[in-house]
Structures are given as structure tokens and as C-alpha cells.
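Colleague: Quick one: the structure is below, and I'll ask about it shortly.
The values are calculated or read from the model by the stated rules, or taken from the named source; none is laboratory data. What you see is a predicted model, and the numbers here were worked out from it, not measured in a lab. Positions of Cβ are generated from backbone atoms using ideal geometry, with glycine treated the same way; all protein chains shown enter the neighbour counts.
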């Protein structure tokens, strides 16, 4: 049976599923601004007919990845829709648990920072960045975990974090903090500093408040 022979309802459902796979952040933004009746209908449709398939595909893709990342191990618990990531370097160890919502990817994932042993790097800030990435970007869960791992790598290498977003690698540009305040010597990402200048209507350092 070709798509032209499919009933309209099945074709629309198939089209919705494909858009949700490729552009989850776009669909999520539209859904969050929809009227209550429409929002409930889409929520029920996703939960009952779409989410289980997409979750299964996403978790299977993570479990079947052949390449291994140094310092990071990822375990999938399909029955509970959870992904456990463990970052370990020297004597430091950090855990992260990602839980997929019943209506995933329409509903945002839940990111929880688990045990942290040793190390000066705080997993809270990079965990927050991962939550933002998985909510507002169209990347996969594994893309987000790779970003989480790369941020921790840079932190343990001693790279200073941006004092606006409190992460090392910018989630959009993937750049390191390069702009330095001449007074307090703190570093910032270009986009973060531009956002600060725009929202504050000032050209001062976010930390020391001197002219940048």
C-alpha cells in the first residue's frame, strides 16, 4: 500500500510522527502555545500511538552505538525509559539520569544529577545545560550526552567556564569562552555577552559591572 492509498487519518498520523522525530523542539514549542483542547488531543495522540515507538527507536539507537567515549559510559533501561550516564576521570565520578516522559518527545525529558565523587567541576550546571539542549534543540539524547561529556572534559582540563551560562562549551556555537573582561579577567562566550548587553541595555561586565 502506497501513501496515496493510506486513509487520511493514518497519513496525517504518519506525517506528524516524522516531524516529531526530526523537529521535536519545533513541535514542542507549537504544542506548548496551543489552546487547551488542541493541546490535550495532541498529548493523547502522542502518548497512545507515537511515543512508545519513538522512545524505542531512540533508546535502541543509544544501546547499539558501537563507538565508545573515553571517560563516559552509557546504560539504557528501556523498561523504565531511563538512560544512565557515568562520567569518570582519575578519582572523580559523576552520574546523570535521563528519564523520557510518557509523551516523549512532545514532553521534555527529566534530567537528574546523581552521585558526584571528587573533582571540582559541578555537574549541576552542565546538567542544566543538557536539559536546555534537549528541550530547545532538535538533537538526539546521545547528542546531548556527548555535549555533557565534552563540557566535563574541558572543565577537568582547567578551561574556565563562561560566567553568564556557567558552561564551557556554548550549546549553539560549540565555542569556548574567549572574551575577557579587562578589569576582573572573567571570560564569556560571545553570544552570552551579547545577550547580556541586549537585556541589560548596558555595555558593562556581568560580574564586576565595569565597562567591557
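Colleague: Might you let me know whether region 93-109 holds any residue that is over 30 Å from residue 30 (Cβ atoms) and free of Cβ contacts under 8 Å to residues at least 40 places away in the same chain?
Modeller: Yes, because at least one residue in region 93-109 is over 30 Å from residue 30 (Cβ atoms) and free of Cβ contacts under 8 Å to residues at least 40 places away in the same chain.
Colleague: Of all residues in region 79-97, which are buried (at least 17 other Cβ atoms within 10 Å of the Cβ) and not in a strand (DSSP E or B)?
Modeller: The one that is buried (at least 17 other Cβ atoms within 10 Å of the Cβ) and not in a strand (DSSP E or B): 81.
Colleague: What do you reckon, is residue 142 crowded, with 16+ Cβ neighbours inside 10 Å and not in a loop (DSSP other than H, G, I, E, B)?
Modeller: yes
Colleague: Moving on. Which helices (runs of 4 or more DSSP H) sit wholly inside region 1-78 and have at least 1 residues that are under 18 Å from the mean Cα position of the chain (by Cα)?
Modeller: Where helices (runs of 4 or more DSSP H) fall fully within region 1-78 and carry at least 1 residues being under 18 Å from the mean Cα position of the chain (by Cα), they are 8-22, 24-32, 51-63.
Colleague: Within region 183-201, restricting attention to residues that are assigned to a loop (DSSP other than H, G, I, E, B) and out of contact with any strand residue (DSSP E or B) (no Cβ under 9 Å at 6 or more places or on another chain), which residue is surrounded by the fewest Cβ atoms within 10 Å (Cβ to Cβ)?
Modeller: Top of the filtered list is 201.
Colleague: Give 106, 53, 100, 59 a once-over and let me know the one that is touching a helix residue (DSSP H, G or I) at 6+ places or on another chain (Cβ under 9 Å), assigned by TED's automatic domain parsing to the domain that holds residue 149, surrounded by fewer than 12 Cβ atoms within 10 Å (Cβ to Cβ) and closer than 21 Å to residue 139 by Cβ.
Modeller: Step by step, each of 106, 53, 100, 59 is checked, and only 53 is touching a helix residue (DSSP H, G or I) at 6+ places or on another chain (Cβ under 9 Å), assigned by TED's automatic domain parsing to the domain that holds residue 149, surrounded by fewer than 12 Cβ atoms within 10 Å (Cβ to Cβ) and closer than 21 Å to residue 139 by Cβ.
Colleague: Of the residues that sit in region 169-182 and are at pLDDT below 90 and loosely packed, with under 14 Cβ neighbours inside 10 Å, which one is nearest to residue 150 (Cα to Cα)?
Modeller: 174
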